[in-house]
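The values are calculated or read from the model by the stated rules, or taken from the named source; none is laboratory data. Note that the coordinates shown come from a computational prediction; the quantities given were computed from them, not determined experimentally. Cβ: placed from backbone, ideal geometry, glycine included. Neighbour counts: every protein chain shown.
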């Protein structure tokens, strides 16, 4: 398990409310779309990060983490495991407090790098499943 319940709770309640959602587009059939909607419902500000830089759920999108002109607290990653490591590195460079790899997104080396850089990290879990459990 990559990210114990205490880390999950900390990210969802203490890490901040600005979540960059990497892989979020206006495609309603993608998991990122629904998860971002749940995060918004729970008071998080979502920032779509996708090459198309589309506005999603009323929030301006950006083509990369680097292009976001303000701080982000959590980077939620909806890309293939092969692409996730570089996103974790971008999150570290951006100064995020935490990185969250979605279900089936696993990169142990990226996990170790993020933790070594002082970030909280969760892999292979979904915040839309975890946040309602907080009570």
Completion exercise
Per the list (1) touching a helix residue (DSSP H, G or I) at 6+ places or on another chain (Cβ under 8 Å); (2) surrounded by 13 or more Cβ atoms within 10 Å (Cβ to Cβ); (3) not in a helix (DSSP H, G or I), residue check on residue 66 breaks on (2)
Practice task
Sort out which residues of segment 41-69 are more than 13 Å from the chain's Cα centre (by Cα) and within 24 Å of residue 133 (Cβ to Cβ), and write them in order of number.
Solution key: 41, 42, 43, 57
Completion exercise
Checked segment 22-40 for anything under 15 Å from the mean Cα position of the chain (by Cα) and farther than 20 Å from residue 84 by Cβ; matches are 37, 38, 40
Practice task
From 77, 56, 72, grab the single residue that is modelled with pLDDT of 95 or more, touching a helix residue (DSSP H, G or I) at 6+ places or on another chain (Cβ under 8 Å) and closer than 21 Å to residue 6 by Cβ.
Solution key: 77
Fill in the blank from the handout: For segment 70-86 the number of residues that are over 13 Å from residue 121 (Cβ atoms) and under 13 Å from the mean Cα position of the chain (by Cα) is 4
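Would you mind stating whether residue 75 is in contact with a strand residue (DSSP E or B) (Cβ under 7 Å, 6 or more places away or on another chain) and either surrounded by 12 or more Cβ atoms within 10 Å (Cβ to Cβ) or more than 15 Å from residue 98 (Cβ to Cβ) (or both)?
On the way: in contact with a strand residue (DSSP E or B) (Cβ under 7 Å, 6 or more places away or on another chain): yes; either surrounded by 12 or more Cβ atoms within 10 Å (Cβ to Cβ) or more than 15 Å from residue 98 (Cβ to Cβ) (or both): yes.
The answer is yes for residue 75.
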Exercise for the section: Considering only residues that are more than 14 Å from the chain's Cα centre (by Cα) and either modelled with pLDDT under 95 or part of a loop (DSSP other than H, G, I, E, B) (or both), look in segment 105-128 and name the one that is surrounded by the fewest Cβ atoms within 10 Å (Cβ to Cβ). Expected result: 118
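Find the residue count for segment 6-40, including only residues that are without any contact (Cβ under 8 Å) to a residue 12 or more places away in the chain and either in a strand (DSSP E or B) or surrounded by 12 or more Cβ atoms within 10 Å (Cβ to Cβ) (or both). I'd like the intermediate steps shown before the answer.
From segment 6-40, those without any contact (Cβ under 8 Å) to a residue 12 or more places away in the chain are 6, 14, 27-29; that's our starting set.
From the residues that got through so far, the ones that are either in a strand (DSSP E or B) or surrounded by 12 or more Cβ atoms within 10 Å (Cβ to Cβ) (or both) too are 27.
So the count comes out to 1.
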Handout entry: Test: residue in segment 43-55 that is surrounded by 23 or more Cβ atoms within 10 Å (Cβ to Cβ) and part of a helix (DSSP H, G or I)
Key = no
Problem - Selection from segment 80-101 of residues that are under 17 Å from residue 15 (Cα atoms), in contact with a helix residue (DSSP H, G or I) (Cβ under 8 Å, 6 or more places away or on another chain) and either surrounded by 22 or more Cβ atoms within 10 Å (Cβ to Cβ) or at pLDDT below 95 (or both) - result: 88, 91, 98, 99, 100, 101
